[in-house]
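Have a look at the structure below before the remarks.
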Amino acid sequence: MSLKEQLENLRQTSLQEIQKVVDLDALNQIRVEVLGKKGPITEVLRGMRNLSNEERPKVGAFANEIKSDLAEAIETRKAELEAKKAAAQLAHETLDVTLPGQSIKKGTPHVLTQVIDDLEDLFVGMGYQVVAGYEVEDERHNFEMLNMPANHPARDMQDTFYITNDLLMRTHMSPNEARDLENHDFKNGPIKMISPGRVYRRDTDDATHSHQFYQMEGQVIDKNITMADLKGTLEYTIHHIFGEDRDLRFRPSYFPFTEPSVEVDISCFRCDGKGCNVCKQTGWIEVLGAGMTHPNVLKAGGVDADVYGGFAFGLGIDRFAMLKYGVDDIRNFYLNDVRFLNQFTQEG
Ligand code: PHE
């Protein structure tokens with residue numbers, strides 16, 4: 001075989017190999033082998049010294065032509081393989097932005113917490129402070145300081161869970177009135193406080209009773225506070241929670257810690273006062289107890305009852321939530337059934 005034929009053979013086999021190769025590393029390997037100093041072309045060219053002077057440059061030129069052909073073929077193949085690799089990578093990493101996302105379940109405050117938050121916002125806006133207190137109270141704050149000395153019959157109004165002779169689960173939020181009176185210095189301004197929290201009573205649970213529920217106490221003590229202030233405050237609150245259409249009614253009542261005392265009714269939201277089974281045909285629904293703070297309570301808290309006076313009220317958060325949202329069984333608030341709770345998911 002002449003040198004020229006050998007070179008031509010080499011070109012053909014190398015071109016085939018280049019076409020067949022499928023990865024870039026292997027292609028590089030071929031490049032080194034075919035075009036390198038130890039490669040077959042160099043080898044063939046070594047035989048050139050046996051050629052005549054006339055033929056040598058021709059074969060040399062042919063060899064160079066083959067070299068550059070092969071180099072070009074390798075470059076072309078390299079570009080092809082790189083494009084393929086990039087396409088494969090792109091296909092692999094494709095992100096379909098039109099696929100539906102995974103929805104994230106958002107939590108929401110408990111409906112009772114929502115009512116409390118709403119009331120807190122309202123009263124903080126009127127300059128009230130929010131006071132916490134203790135779920136385990138002593139007799140002094142829960143009863144005595146609220147004008148209910150030992151053996152006072154009014155203690156029976158609130159069936160109490162006792163822990164010791166002196167310690168009990170607070171039966172209402174009014175002990176925080178007593179605590180506030182004790183701690184307050186009127187140099188810092190009047191008392192304007194609310195206190196929402198959990199209270200406990202030895203009641204048998206049914207649709208309208210629970211052995212633990214939520215109340216919010218409110219108290220204002222200053223000079224020259226009148227029942228008109230109480231009425232205005234409660235009207236504003238009731239309208240905020242239940243809407244401007246609700247009428248209010250104050251009924252004389254009795255609490256040991258207020259004098260005079262009232263119970264406050266709102267016109268029935270279901271029948272608008274005409275009478276239905278929600279309001280037991282009366283047209284009115286009782287929503288809270290209130291009154292003008294009893295002088296004995298002021299005195300027990302170390303406040304001069306001749307100078308200062310004010311009002312207090314206590315409302316049932318559960319009852320507010322039941323009336324506002326039409327919930328007919330108080331136990332729903334404590335069963336933590338998400339199907340019930342999800343109805344009160346807040347927007348946004
Ligand atoms: N503490 C009373 C109750 O639990 C409610 C109340 C508070 C009444 C303040 C009058 C004044 O029933």
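Each reported figure results from applying straightforward, stated rules to the coordinates on display, with no laboratory input. None of these values were measured; they are calculated from a predicted model. Note that we place each Cβ from the backbone using ideal geometry, even for glycine, and neighbour counts take in every protein chain shown.
At 7 Å along Cα-to-Cβ for each site, give me the label-to-label distance between residue 106 and residue 129 in nm.
About 3.5 nm, to one decimal.
With r as the distance between the Cβ atoms of residue 305 and residue 120 and R0 = 41 Å, compute the FRET efficiency 1/(1 + (r/R0)^6) and round to 0.05.
On the way: r = 29 Å, r/R0 = 0.71.
That pair, residue 120 with residue 305, gives E of 0.90.
Which lysines does residue 105 reach when only Cα atoms under 29 Å apart count, and residues fewer than 8 places away in its own chain are ignored?
324
Over all alpha-carbon pairs in the chain, figure out the percentage whose distance exceeds 38 Å. Write down the numbers at each step before the final one.
Details: 28359 of 60378 pairs.
So the pairs more than 38 Å apart make up 47 percent of the total in the chain.
So if we plug the beta-carbon distance of residue 8 and residue 49 into 1/(1 + (r/R0)^6) with R0 = 35 Å, what FRET efficiency do we get, rounded to 0.05? Could the numbers behind the result be given before it?
Working: r = 20 Å, r/R0 = 0.58.
Efficiency computed from Cβ-Cβ geometry: 0.95.
Could you give the nm distance between label points at residue 198 and residue 337, where each point is 7 Å from its Cα heading toward the beta carbon?
Using points 7 Å along Cα→Cβ, the separation is 2.1 nm.
Ranking request for peptides 280-290, 198-208: highest mean number of other beta-carbon atoms within 10 Å first, then the rest in descending order. Don't skip to the answer; put the middle values down first.
Working: 280-290: 17.8, 198-208: 14.5.
By packing density, highest mean first, the sequence is 280-290, 198-208.
Have a look at region 3-92 and give its Rg and Dmax from the Cα atoms, expressed in angstrom.
15.8, 59
Just tell me which lysines come within less than 29 Å, Cα to Cα, of residue 20; anything on the same chain fewer than 8 places away is out.
4, 37, 38, 67, 78, 84, 85
Sort 212-222, 5-15 for me by packing, meaning the mean count of neighbouring Cβ atoms within 10 Å per residue, highest on top. Let's see the in-between values first.
On the way: 212-222: 21.4, 5-15: 15.8.
Packing order, densest peptide first, comes out as 212-222, 5-15.
Any idea how far the Cα center of region 1-64 sits from the one of region 155-201, in Å?
103 Å
Treating cross-link reach as a plain straight distance, find the lysines whose alpha-carbon is under 21 Å from the alpha-carbon of residue 223, omitting any fewer than eight places away in the same chain.
187, 192, 231, 299
Taking only DSSP H segments of four or more residues, each worth -39500 (n - 2.57), what value at 222 nm results for the chain once the sum is divided by all its residues, to the nearest 500 deg cm²/dmol? Walk me through the numbers before you get to the answer.
Values: 12 runs with 142 residues, N = 348.
Taken over the chain, the calculation gives -12500 deg cm²/dmol.
Can you tell me the order of 84-96, 113-125 when each peptide is scored by its average per-residue count of other Cβ atoms within 10 angstrom, highest first?
Numbers: 84-96: 8.8, 113-125: 16.1.
So the peptides 84-96, 113-125, ranked by packing, come out 113-125, 84-96.
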